[in-house]
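Where a number appears in this text, it was derived from the coordinates with a stated rule and is not lab data. From a predicted model like this one, the values you see are computed outputs, not experimental measurements. All Cβ positions, glycine included, derive from the backbone under ideal geometry; neighbour counts span all protein chains shown.
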Amino acid sequence: MNTWHYDSACDVDQPLVDRLRRFPREPDVLVYGARALIALIIRGWLRIYHRFEIIGHENLRTNRSLVIVANHSSHLDTLCLLAALPLRKLHRAFPAAAADYFFRSVPRTFVAAVVTNALPFARRVRVRRSLSMCSDLLSDPENILIIFPEGTRSKTGETREFKSGIGALVAGRDVTVVPCYLQGAFRAWPKGRHLPCPKKVRLIVGAPRNYSSRNANKIDICAIAAELHRAVKELGQRSGSD
Amino acid sequence: MISPQTALHDPVFRAYLVIVPVSLALGGTILGFLDWGLKKKLRSIWKTYRSWLVMASIGLLVVFAGRVPVIVGVTFLSIFGFKEFARSSGLYCDWWTTGAVYAGIVAVGFASLVPRPRGEEPGAGWYGFFMAMPLFAIALILLIPILRNRARGELQKMSLSIIGFIYIGWMFGHLGFLANAANAYGFLCYVIFATELNDVCAFTFGRLFGRHPLRSEISPNKTWEGALGAFAVSMVLPWLLRFSFPFFGATQLILTGLIVGIGGPLGDLSISLIKRDIGTKDMGAAIPGHGGILDRIDSLIYVAPLFMHMAGYYYRLR
């Protein structure tokens with residue numbers, strides 16, 4: 001009789017906070033349950049308090065791996081984008097979050113890892129390693145990556161230039177890229193405010209794109225970032241100014 | 001029924017409110033003497049000692065808070081203990097089976113919490129359902145591969161989850177059910193205090209006189225000397241702390257000593273055996289200096305049910 005083989009979790013000897021900080025995280029039914037429950041509450045709260053509305057929802061309906069690119073001006077952005085996804089995909093959706101902001105203190109780590117399933121993205125040092133982490137994630141079909149290529153929340157509500165990393169991630173890769181624009185999130189919860197105020201928030205989902213035919217050289221990468229920036233801005237302008 | 005209102009008027013709980021800090025202080029003094037007086041290297045032991053202080057305060061606070069917090073606390077310990085087991089054994093990847101065991105553990109807590117059904121004498125805790133829990137939990141676990149139409153590798157998952165549920169969810173869950181007893185303060189405080197003291201004594205005697213390994217294939221650090229020393233302490237302790245259960249006669253006191261002195265190391269070894277086969281050193285890292293939650297509660301796995309049934313045989317629990 002053959003003996004059983006046990007596949008222990010690779011982080012058995014680490015305390016909980018360290019386990020939440022590492023990526024990819026090991027599956028955990030308790031965390032999934034808590035996340036699904038909190039997601040339901042957040043969805044209801046967005047619907048009622050912010051009169052959350054989604055335009056172009058059909059553009060998100062795909063079973064392939066997806067990169068969602070959006071403007072960033074508020075903490076509400078991530079919550080709104082997650083609320084636009086079906087509940088069963090919640091645990092496969094990873095918003096890239098600043099490692100130096102969200103994965104520093106213990107409470108923020110809990111919120112980022114449990115509520116939003118965030119991927120810790122180092123934006124100052126070893127950016128390349130973070131990008132390769134994102135790239136590994138996309139090699140698994142059905143995974144969803146949420147990226148704010150501006151790199152930080154905008155202080156004015158204006159959409160700033162996109163960093164070229166987003167281009168490097170999607171150039172020459174058969175992955176669907178969906179540009180999105182979040183309207184009203186800045187007024188509802190700008191950077192520096194402690195709590196959101198009850199203002200309307202709208203998510204506009206653009207047409208999906210694919211950059212598999214592009215090369216991963218510097219010119220193309222910057223061009224893709226600029227194209228996506230334009231696409232996001234156009235979505236915002238088309239549906240009236242913010 | 002134990003509650004915060006009765007806790008401070010209860011002589012047994014008040015006594016433990018003194019005994020526990022005094023024993024911790026005594027232990028700390030001895031450690032301090034060894035560290036500064038004899039200049040022994042004790043770095044890791046201080047970490048373990050600090051965790052003891054934290055755990056003892058939380059434990060006393062929960063028992064003070066009453067019946068519901070004790071049962072809820074035991075249920076949480078079971079849940080996180082089982083989680084450690086699932087993560088080490090590889091069961092954690094299967095959402096359905098782990099979910100079923102969590103549901104079973106919650107049901108164990110529920111059975112200890114609800115009032116007795118009509119037809120039985122009034123009181124807290126649904127004893128019949130509590131005792132039938134393995135039946136329902138195992139039925140649920142067996143149902144999962146059938147509903148999912150899977151066969152490959154399912155026997156291993158079912159076996160692991162059944163062991164996990166019985167050991168960690170149900171047998172350890174008896175500790176929560178003890179909170180329903182009329183003499184809950186005495187039973188709970190004694191069982192926890194005596195079992196943990198037995199652990200500490202086994203460790204200390206083993207360090208001092210340990211020569212012969214107790215079970216060399218299972219746990220290389222445990223020795224006969226440590227186990228026998230701890231056994232001797234456990235046999236004397238019921239007489240020293242007789243006020244915890246003033247109605248116990250000599251037979252019951254001897255049985256209590258035997259249950260703690262033999263059940264404690266058995267529970268410890270049963271978890272060591274699981275760890276040894278899996279190949280991990282600790283089940284987790286939740287408690288600094290101790291390892292995982294399961295490494296701490298393991299001795300109670302046998303003691304809690306054996307003690308509860310012994311007390312229930314001779315006296316009415318309520």
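Dipole size of the protein assembly as shown about its Cα centre, with +1 on Lys/Arg Cβ and -1 on Asp/Glu Cβ: approximately 1720 debye, rounded to the nearest 20.
Under a model in which nothing but the beta-carbon of Lys, Arg (+1) and Asp, Glu (-1) is charged, chain A shows a dipole of about 800 debye around its Cα centre.
Are there any chymotrypsin sites (Phe, Trp or Tyr not before Pro) in the stretch A:43-124 that are in a DSSP loop and have at most 10 other Cβ atoms within 10 Å? List them by number.
Answer in residue order: no site qualifies.
Note on the stretch B:50-187: dipole from Cβ charges, positive end direction compared against B:ASN180, B:GLY153, B:ALA103; the farthest Cα belongs to B:GLY153.
Round to the nearest 0.05 the FRET efficiency obtained for A:HIS57 and A:ASN2 when R0 = 56 Å and r is the Cβ-Cβ distance. Computed FRET efficiency for A:HIS57 and A:ASN2: 0.65.
Counting neighbouring Cβ atoms within 10 Å and putting the fewest first, the residues B:VAL70, B:VAL114, B:VAL18, A:VAL12 line up as B:VAL18, B:VAL114, A:VAL12, B:VAL70. Placing pseudo-labels 7 Å out from each Cα toward the beta carbon at B:TYR315 and B:SER3 gives an inter-label distance of 2.2 nm.
Note on A:VAL127 and A:TRP45: their simple-model spin labels are 3.2 nm apart, each label 7 Å out from Cα toward Cβ. Radius of gyration (Cα atoms) of the stretch B:149-246, expressed as a multiple of 2.2 N^0.38 Å: 1.47.
Mean partner shielding of peptide A:2-9, defined as the number of other chain Cβ atoms within 10 Å of each residue Cβ, is 6. With the simple spin-label model, which puts each label point 7 Å out from Cα in the Cβ direction, the B:ALA15 to A:HIS91 separation comes to 4.9 nm.
Ranking B:THR204, B:PRO305, B:ALA250 by Cα position along the charge dipole of the stretch B:204-318, where only Lys, Arg, Asp and Glu carry charges on their C-beta atoms, puts B:ALA250 farthest toward the positive end.
If R0 is 22 Å, the Cβ-Cβ spacing of A:ASP140 and B:CYS93 corresponds to a FRET efficiency of close to 0.90.
Between A:VAL177, A:PHE162, A:SER73, the Cα set farthest toward the positive side of the dipole of chain A (charges on each charged residue's Cβ, about the Cα centre) is that of A:SER73. Each listed q (0.10, 0.11, 0.13 Å⁻¹) maps to a log10 I(q)/I(0) for the protein assembly as shown from the Debye sum over equal C-alpha point scatterers, namely -0.93, -1.04, -1.23. A helix-only calculation puts chain B at -23000 deg cm²/dmol for mean residue ellipticity at 222 nm, using -39500 (n - 2.57) for each DSSP H run of at least four residues, averaged over all residues. Computed from point charges on the beta carbon alone (+1 for Lys and Arg, -1 for Asp and Glu), the dipole magnitude for the stretch B:1-142 about its Cα centre is near 660 Debye. Partner shielding of A:123-134 amounts to 0, given as the average count of beta-carbon atoms from other chains within 10 Å of each residue beta-carbon. Neighbouring Cβ atoms from other chains, within 10 Å of the Cβ of residues in A:15-21, number 2 on average. Ranked for footprinting exposure by Cβ neighbours inside 10 Å, fewest first, A:GLU158, B:GLU196 give A:GLU158, B:GLU196. For the cross-link pairs A:LYS89/A:LYS218; A:LYS191/A:LYS218; A:LYS163/A:LYS233; B:LYS222/B:LYS281; A:LYS155/A:LYS199, which exceed 26 Å when the distance is taken from alpha carbon to alpha carbon? Too far apart for the 26 Å limit: A:LYS89/A:LYS218; A:LYS191/A:LYS218.
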